Structure formats: C-alpha cells, structure tokens
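First the structure, in the form of structure tokens, and then the observations on it.
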Amino acid sequence: MHYLLIAATILGMHSFHYRDGRLYCEEVDLAKAAEAFGTPLYIYSAGTILDHYQRLDQALAGLDHLICYAVKANSNRAILHLLAEAGAGFDIVSGGELYRVIRAGGDASKCTFAGVGKSREEIEYALEQQVYSFNIESEAELDYINQIAVAKNLRAAIALRVNPDVVAPTHKYIATGQSENKFGVPLDRVATVYERAAKMPNIIIRGIQMHIGSQITEAAPFVAAIETITPLVGKLKSRYPLEFFSIGGGLGIAYESSIASGRADWWAANRSHPLTISDYANAIVPQLEKMGLRILLEPGRLLVGNAGVLLTRVRYIKETGQKKFAIVDAGMNDLIRPALYGSYHEIVPVKESHASTSKIDIVGPVCESGDFFAQERDMPPLQAGDLLAIMSAGAYGFAMASTYNSRPLPAEALVRGDKVALVRERQVLEDLTRGEVDPKWQQRRP
C-alpha cells in the first residue's frame, strides 16, 4: 500500500514523508528517533509549525493583526519558545499556561486570558504580569475581576466574549458559539455589560472577542459570526476606546488522507477537506478590514495539529474468532482523542509497506474497552516489534495525556531540519508518586 500522507500536505507541508521506504520527519528518520528516545514518543516538526504560522501571518498582512497561539493545543515549552521567537502572542486559559508562556520567553502583554472559571489566584497573577486582556465570560466574572483589581490597586484590561449563537459544524464537545454552550455573554446582553464595565474604576475596555468552536472546515460559520457581531462592534467602537476584535480560532485540519476508513461516527460523516489558509483569509479579511480595529486570531490545532505524530510499537498480535488486534505500547492515557471524541487519526507503518491490507483494531494496554486508536482499519500485515506512527497528533495529544493506570507520561521530541532533540523526558516510575505524602493525623485531645 502506498500512503499519501496528505494530512500535512493539504496545508502545504511535506514534513512527514517516506524516503527509501522509511518514514521521515523533515530530515530525521523516525525509526532512529524511536531507537534513541523509546516509545511511546511524541515527535514534532518545527518546520511545519513555523510554516503554518508564517503563512497565516502573511495571509492577514493587509490587517493590523496579532496571532495568539492557543496554548491548550500543545503547551510544551520548546514549542511556545519557537512561536514566541516568531512573534506570536498567546491565548491562555489558566494561570499555569501563563506561567509556561513566561518561562518559554513569551510576553504576557501579548496574552489574552480566556476561560469561564478563572480563580482569584489566576486573576491576581495575570494582573501582576500585565496580560493584554481578560476575555470576560460572564457578568459575575467581570464583577470579580474588578473587585480583585481594586484590592490590588491595579487596572484590568478586558474584552467581553460574545456568544453569537451561530451553529458551527463540529463535534458537540468542541462547539462553543451557541446559546446552549457555557461560553460567553449572550449577544442581547453585551451592550448592557459594556455599559456597566465602563463605570467600573479599575476596568479598561480594550476589545471584544468571540470563538465559535474548533475543527471547523468551512468558511460560512466564521463569516456568519463576523456578520452577526459587526453592527455591535460599530456601536461599541463609537462609545468606548476599543483596540481590537478577536475572532477566536477554530480553523480545522485534515486528519486523514485518501485512504478509506469505513468509519460510522461523527468524524466519518464530516470528512470534508479543511479550508486552506488562503481561502480562510479571503473569506474573512474583506469584512474585517472595514472595522478599523486590530484583529486577533487564536489558532491552536491549525499550527500544531499536523506537526506532530505519536510513535508507538506493536507489542502483540491477537486473533479471536471475530477480530484481529494489534496491541501497541501507547494507550488512551497518551492520546485520548479517539476514546473521548470518537476521532480519527491516520496510522501508518514507519517502514513503508505496499502489501495488501486487511482489517485490524489497533488498541492500547489500558484496562478500558475504549482504549483504541483504530477499529476495523485497513492495514498492511503487522507483527510484534513493528513501529507505527499515529498521525496528526500534535494538538490535544500530550496536552490531554494522563498517568491513568499509573502509566508514566511519554517523552516528547522536536525536529528541526536534520536534528532532533528531546524536549520532555519520559516519566519514570518514581515520578508517579512524587508529591504524594503519608497522612499526618492530628491527635485528638482527651
């Protein structure tokens, strides 16, 4: 079988490719990387990340804009440093993400702080670090941030996150722009909330924000959301000193090549190829140019999703009367997306094969029936010891990993040209109990 591996090339990159029958990331042989660092192993292409960032930046060149990378997609410090050097800002959703950005050399004054449940400690930390803007998700949050800012004698810059009630064709778990979702302020309440904010002594109105969801593969929902909010932006701009309009992120990527998957799930029913970056920009820039504001974007998956793979090795081949399984050393704790969303990842052998295929389930060692990466997948013959690459694992892979079943977290590596470097050490067993302490019971007084 010949694998086209166009999941990355749809966005213009050829970072993962076969050469002389072996799978490479840029100029690095992935089999050699697995030998050096072991498996399971996340491995990322710096070239892909920078290419996607730079092409998005160039596509928006006609606008005053700032690309704020969504840290939640992949928060490895090396990746954050790579993007900070390229000039990116950052979209953060926790104090921990802000800490990571600062440790990576990022600028807090180029960070937007989103999230519906910011704690006092997170708000205080963000105020001290002078983040560019808090994205306000509710009236209660606005009151709380002002209260904390008053107590600290600081001023908090804010942007209301508007919920435009626009349907985005995506999985229900990652849809965020409808009235039934927990995110944002309803459109009919926005003007009133801004009026309240303008009267608060320690609040600076800096912008307005929206985000309608993730893994969106067509332009229409973005255009509809911008059209819905544009009249409101005009009114607010005439009353308050707005600096920016943030359109959020959400542009989808390709998770599969031309290989038929035979799936019957949400992802199977929505396999349309994503917008190219240029098509996306052509659809939204004409509307945004008219606003006269700085435009912020918050892409995550778009920049890193197809820049990463998870390398895993086959441990056993198991056959029953009805099924054939390849049991690999990676599990749902390492990459939970298939179990959580029913999502699809292309899986290819690191050693290229043109043999005829048959159906097989590729599963992990975790004690859950949901611990699978593929079911009834057409694959060439596999045997114990074979190395597989789970493609498009750069976003929401390691970032959502856990130590479930007391399995140490995998290692991460970054490729740049012909060089590969470890950017996270593999956990060892001692790490699993680090921080756990024996209980110190207080003696009850007689």
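General remarks:
- Relative to the current alpha-carbon distance between residue 357 and residue 220, full extension at 0.36 nm per residue lengthens the span by 45.5 nm.
- ³J(HN,Hα) computed for each position of the range 362-376 - Karplus, 6.51 cos²θ - 1.76 cosθ + 1.60, integer Hz, glycine/proline x: 10, 10, x, x, 6, 7, 8, 5, x, 7, 9, 10, 7, 10, 6
- Top positive-direction residue, dipole computed over the chain with Cβ charges, set 236, 48, 221: 236
- Placing one equal scatterer on every Cα of the range 47-301 and applying the Debye formula, the log10 ratio I(q)/I(0) at q = 0.12 Å⁻¹ is -0.69.
- Using the Cβ-Cβ distance between residue 285 and residue 383 with R0 set to 56 Å, the FRET efficiency works out to roughly 0.65.
- Separation of the residue 121 and residue 198 label points, Cα + 7 Å toward Cβ, nm: 3.8
- Fully extending the segment from residue 191 to residue 426 would add 79.6 nm, taking 0.36 nm per residue of separation and subtracting the current Cα-Cα distance.
- Cα centroid separation - the range 13-86 against the range 308-369, whole Å: 23
- Cα-centre dipole for the range 47-301 with unit charges at Cβ (Lys and Arg positive, Asp and Glu negative), debye to 20: 300
- Among 299, 380, 286: highest mean-square fluctuation, GNM of the chain, C-alpha pairs under 10 Å: 286
- Each of 335, 382 has some number of other Cβ atoms within 10 Å of its Cβ, and from fewest to most they run 382, 335.
- Assigned charges on the beta-carbon of Lys, Arg, Asp, Glu; the chain dipole about Cα centre (debye): 760
- MRE, 222 nm, helices only [DSSP H, n ≥ 4, -39500 (n - 2.57), over the chain, to nearest 500]: -8000 deg cm²/dmol
- Site pair residue 318 and residue 143 shows an inter-label distance of 5.4 nm when each label is modelled 7 Å from Cα along Cα→Cβ.
- What the Cα convex hull of the chain gives, in volume per residue, is 173 Å³.
- For the residue pairs 118/199; 237/290; 72/110; 351/419; 323/351, alpha carbon separations beyond 18 Å are given by 118/199; 351/419; 323/351.
- Just checking the listed ones, 378, 20, 361: in the Gaussian network model of the chain with Cα springs under 10 Å, the one fluctuating most is 20.
Throughout, read-outs are computed from the coordinates displayed, never taken from laboratory work. It should be emphasised that the depicted structure is a prediction, and the values quoted were computed from it without experimental measurement. Here the Cβ is made from the backbone with ideal geometry for all residues, glycine too, and neighbour counts use every protein chain on show.
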